[in-house]
Each structure stands twice: as structure tokens, then as C-alpha cells.
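The values are calculated or read from the model by the stated rules, or taken from the named source; none is laboratory data. The model shown is predicted, which means the values in this text are computed figures rather than measured ones. Positions of Cβ are generated from backbone atoms using ideal geometry, with glycine treated the same way; all protein chains shown enter the neighbour counts. Only protein heavy atoms, including side chains, enter the accessible area calculation; ligands, DNA and RNA are left aside. Shrake-Rupley method; radii C 1.70, N 1.55, O 1.52, S 1.80 Å.
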Amino acid sequence: MKSTVLNILLTGGSGYIGSHTAVALTDAGHRIFIFDNYCNSSAETIHKIQAITAQPITVVRGDIRDTALLQQTLETHQIDAVIHFAGLKAVGESAVIPLDYYANNVQGTISLLQAMQAASHAPRALVFSSSATVYGDPQYLPIDEAHPTHATNPYGRTKLHIEEILADLARSDASWQIACLRYFNPVGAHASGLIGENPNGLPNNLMPFVAQVAIGKLKQLKVFGDDYDTPDGTGVRDYIHVLDLAEGHLAALNYLGSHAGMHTFNLGTGRGYSVLEMIRAFEAASGRTVPFTIAPRRPGDIASCYASTALASKALKWNASRDLKAMCESSWKFQQNVMQSVPSTTEQA
Ligand code: NAD
Ligand code: UFG
């Protein structure tokens, strides 16, 4: 990477984390290009990003498995760095259609790497969206980057395979600059309330489910288990504000400017909250009640998971700064906007 203002391609940039990162990078003065096939997002998000940043964004609609289109995009826009968000991410679905997950996530990543390798100006800086899911059931807490990895589902295995491919690539050619970011639990939304997490159908994850119960779209939350070995018996996770996460990508890109090779970082807060604590925080932020029942444990869930943030703090000089209140308030504001723009339907939880 040569210049201070970078041309950055975001695969999957129209999605939840990509859209917030697009805003953070634009705010930092970089030029953003988005490559997305909208399989889990829409062009509407692009308009919202542009409304927030007041900057035009170039979008290429395409599948990351289209290597030729990716190469053409990299060359046409003289892309300096790629942040690779594009992928399928539903754990349960990945056990039902594993081949789709391997094709989209693993084959898609290989296609991207081949396009970067073939591009005439040879961009070599890559930030990859990995996940804390690669740690499996934690052997110790907080989880640092040296913790053994173990995937418990096909989605997690795609992340592990990709991490291994990236490590092999970096070993084979010292010019690659790769940051592998293991996200903990991203939640919240941009303060404008324009962009956020709006999953199709019934949400898999806690925060969007809680938000939809609070607004009355869903009747009640099921708390999956209250007999874990945690202070109140419910699962504990490291929830991180998506804007902190977005800024972590900026920090990683800056780091890559002076560090070749492959580097792996946790992006979390280092603090865990239980499901019951999340419900209470959301109730306080929204002024609404979140009815819930205790349900059996969800298969594959773990008791507690939170990050050691020491490495990211030291190397990237990045720390999450937004608190749980900010996470819940922004998520609530976004949820209210979504309900205003879409006719409401009531589903049974
Ligand atoms: P998202 O589904 O909102 O965004 C992913 C984007 O990628 C979508 O816009 C989708 O249309 C696009 N996409 C998917 N496959 C594509 C393909 N083949 N070609 C082009 N575009 C494609 O998901 P997100 O929450 O923003 O997650 C982004 C990345 O972070 C994913 O790789 C995910 O696995 C990873 N991650 C997410 C979480 C989380 O809890 N949200 C946690 C850890 C890691
Ligand atoms: N939970 C409920 N009810 C729900 C949904 C979730 O009680 O309706 C509980 C879960 O049992 C867990 C906690 O809320 O204790 C968080 O669950 P999420 O589904 O929101 O998040 P997970 O930690 O299970 O997994 C998420 C992503 C994974 C990713 C992981 C770490 O779904 O893909 O964070 O980044 F790998």
C-alpha cells in the first residue's frame, strides 16, 4: 500500500458489518468500492451509506466466485486493499446446506485471492472477517489468539479453512499483508438509525430478536438455557458495538501498511454479558418490556465466550469504547426506523 488515501474494495460491503465499515472508512478519508451480490442485503443500504457519508460509492453487483469480474473491478478502480466480508453466516443453515457454505465462503475466498494475484497492479493487502466461532468450546477465558481452534459446525469450518488458506498464501509469498479479524458478537447500529442489522425471517441472533420483541413484531424471546455455569445461568457473550468493530478494520489496515505476513486479532471488548443482562439493558434503552420464557439449551451453544483484547490493543492501538447502553440505544433506534418503513407483520415467537 502506497498512498495514505486508499482505494478499498469491500466484498459484502452492503451487509451489516460491511455497511458500518464503509461509513468508518469514508469518514477516515478513504475511497470505498463495494462488491456484493445482495444475497443477504439490498441496494437500499447503499443509498443509506451515501446519505450518512454524503459521498458517492461505486458498487459492482456480482458474486465473489466470478474471478474475472473481481479482477476487472480491482484493476479498473486501482484497488489498494480489500476487506473481505462476503460470506454466508447462519450456523444452523450451514449444517443443512454445507456445500453452499463451502462454495460461497471457501471457493469465494479462493476466487478473490486469485483475482488479487492476477490483477496487474498486484494489490496484496487483505482484511478477512473471521469469527470467534473458530475457538469452539473455550478451554480458558478470556480467549486469546493462541487458544486452540476447533470448529463445531460447517460455517465455523469454512472460517477455519479460509484462515489456513490465508496462512499458506502468506507463507508462500512474503508480499501479502493479511489481517484475520476474529469478531466476537457484533451488535448495535449507526447513530443515525439508517443502517443496522435487519435479518430476513426469524432472527437467529439474540440482539435482533430482542429488538423485534421490544417493538412488538415478535411476541416473546426464548432464553436458551438458564442452567449454564455462569452468574445467572444464562449464556455469556462478548457483545461489541458494530461501529467499534468497523473502526477495528481501519486500525488493521493501518497496521498492514507496515507489517507484511498474516496477523490474527480478536475484535471484542473483553467483557461478557449474560442473556438476562442484555434483556434488561435493552428494556432500559427502549422503555419497552421484553417478555421471555426459559427454553431448553440451544444445541451447540457454549456457556461463556469473551475475548482477550490485549493483542489488538497493543499492536493495532485499537480498543472498543462504546458501552452496552450505546449498543442497545442504537439498535432500538434502527429497529424503530425499520418498522416505520416496512408494513408490520406479527409472528409468533
Ligand atoms: P451480512 O450477511 O449482513 O453481510 C454479508 C454480505 O455479503 C451481504 O451483503 C451478502 O449479500 C454478501 N454476500 C454473501 N455472499 C456473497 C457472494 N458470494 N458474492 C458477493 N456478495 C456476497 O453479514 P455480516 O454480519 O455483515 O457479516 C460479514 C462477515 O463477518 C461474514 O463473513 C461473517 O461470516 C462474518 N462474521 C459475522 C458475525 C456476526 O455476528 N454478524 C460474527 C463473526 C463473523
Ligand atoms: N440466545 C437466546 N435466545 C435467542 C438467541 C440467542 O437465549 O433467541 C442466546 C444464546 O443461547 C447465547 C446468546 O444468546 O447464549 C448469544 O447468541 P447469538 O446467537 O446472538 O450469538 P452466538 O454467540 O451464538 O453466535 C454469534 C454468531 C456466530 C459467531 C459468534 C461469535 O451467530 O456466527 O457469535 O462471533 F461465530
Checking residue 116 against (1) under 24 Å from residue 35 (Cα atoms); (2) in contact (Cβ under 8 Å) with a residue 40 or more places away in the chain; (3) out of contact with any Pro (no Cβ under 6 Å at 6 or more places or on another chain): exactly one of these is not met. Which one?
(3)
Among the numbered criteria (1) on the phi < 0 side of the Ramachandran plot; (2) among the small types (Gly, Ala, Ser); (3) surrounded by 15 or more Cβ atoms within 10 Å (Cβ to Cβ); (4) within 16 Å of ligand 2 (Cβ to nearest atom), which single criterion is violated by residue 92?
(3)
Does residue 4 fit the bill of being more than 16 Å from ligand 2 (Cβ to nearest atom), surrounded by fewer than 16 Cβ atoms within 10 Å (Cβ to Cβ) and over 29 Å from residue 153 (Cα atoms)?
yes
So for the range 318-336 (the condition being open to solvent by 70 Å² or more (accessible area, probe 1.4 Å), of a type in the set (Asp, Glu) and away from ligand 1 (no atom under 16 Å from the Cβ)), does at least one residue qualify?
yes
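Evaluate the following for residue 118: is it more than 10 Å from ligand 1 (Cβ to nearest atom), more than 21 Å from residue 149 (Cβ to Cβ) and more than 19 Å from the chain's Cα centre (by Cα)?
Criteria met by residue 118.
Could you go through the range 39-54 and let me know if any residue there is within 15 Å of ligand 1 (Cβ to nearest atom), polar (S, T, N, Q) and free of Cβ contacts under 8 Å to residues at least 40 places away in the same chain.
Scanning the range 39-54 turns up at least one residue that is within 15 Å of ligand 1 (Cβ to nearest atom), polar (S, T, N, Q) and free of Cβ contacts under 8 Å to residues at least 40 places away in the same chain.
To keep it simple, each residue is scored yes or no on (1) surrounded by fewer than 23 Cβ atoms within 10 Å (Cβ to Cβ); (2) within 10 Å of ligand 1 (Cβ to nearest atom); (3) in contact (Cβ under 8 Å) with a residue 60 or more places away in the chain.
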position: 83; (1), (2), (3): no, yes, yes
position: 86; (1), (2), (3): no, yes, yes
position: 97; (1), (2), (3): yes, no, no
position: 128; (1), (2), (3): no, yes, no
Could you tell me which numbered condition residue 148 fails, if it satisfies all but one of (1) more than 14 Å from ligand 2 (Cβ to nearest atom); (2) within 30 Å of residue 77 (Cα to Cα)?
(2)
Residue check for residue 284: over 20 Å from the mean Cα position of the chain (by Cα), open to solvent by 70 Å² or more (accessible area, probe 1.4 Å) and not β-branched (Val, Ile, Thr)
yes
Can you confirm whether residue 218 is over 28 Å from residue 174 (Cβ atoms) and modelled with pLDDT of 95 or more?
yes
Got at least one residue in the range 153-175 being modelled with pLDDT under 95 and within 11 Å of ligand 2 (Cβ to nearest atom)?
yes
Answer from 206, 202, 141 - the residue that is away from ligand 1 (no atom under 13 Å from the Cβ), in contact (Cβ under 8 Å) with a residue 60 or more places away in the chain, under 22 Å from residue 335 (Cα atoms) and open to solvent by 10 Å² or more (accessible area, probe 1.4 Å):
202
Filter the range 48-59 down to the residues that are aliphatic (A, V, I, L, M) and either open to solvent by 50 Å² or more (accessible area, probe 1.4 Å) or in contact with an Asp or Glu (Cβ under 8 Å, 6 or more places away or on another chain) (or both) and list them by number.
51, 54, 59
Please name all residue pairs, on different chains or six or more residues apart, with Cβ atoms under 8 Å, provided the first residue is in the range 156-180 and is among the basic types (Lys, Arg) and the second residue is within 15 Å of ligand 1 (Cβ to nearest atom) and part of a helix (DSSP H, G or I).
159/105; 159/133; 159/134
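From 269, 230, which residue is surrounded by fewer than 22 Cβ atoms within 10 Å (Cβ to Cβ), out of contact with any Pro (no Cβ under 8 Å at 6 or more places or on another chain) and not basic (Lys, Arg)?
Numbers: 269 fails: surrounded by fewer than 22 Cβ atoms within 10 Å (Cβ to Cβ).
Just one listed residue meets the conditions, 230.
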Name, by its number, the condition in (1) open to solvent by 10 Å² or more (accessible area, probe 1.4 Å); (2) within 16 Å of ligand 2 (Cβ to nearest atom) that does not hold for residue 43.
(2)
Failed condition for residue 226, given (1) within 12 Å of ligand 1 (Cβ to nearest atom); (2) modelled with pLDDT of 95 or more; (3) not basic (Lys, Arg), with all others met?
(1)
Which count do you get for residues in the range 16-30 that are open to solvent by 20 Å² or more (accessible area, probe 1.4 Å) and not hydrophobic (A, V, I, L, M, F, W, C)?
5
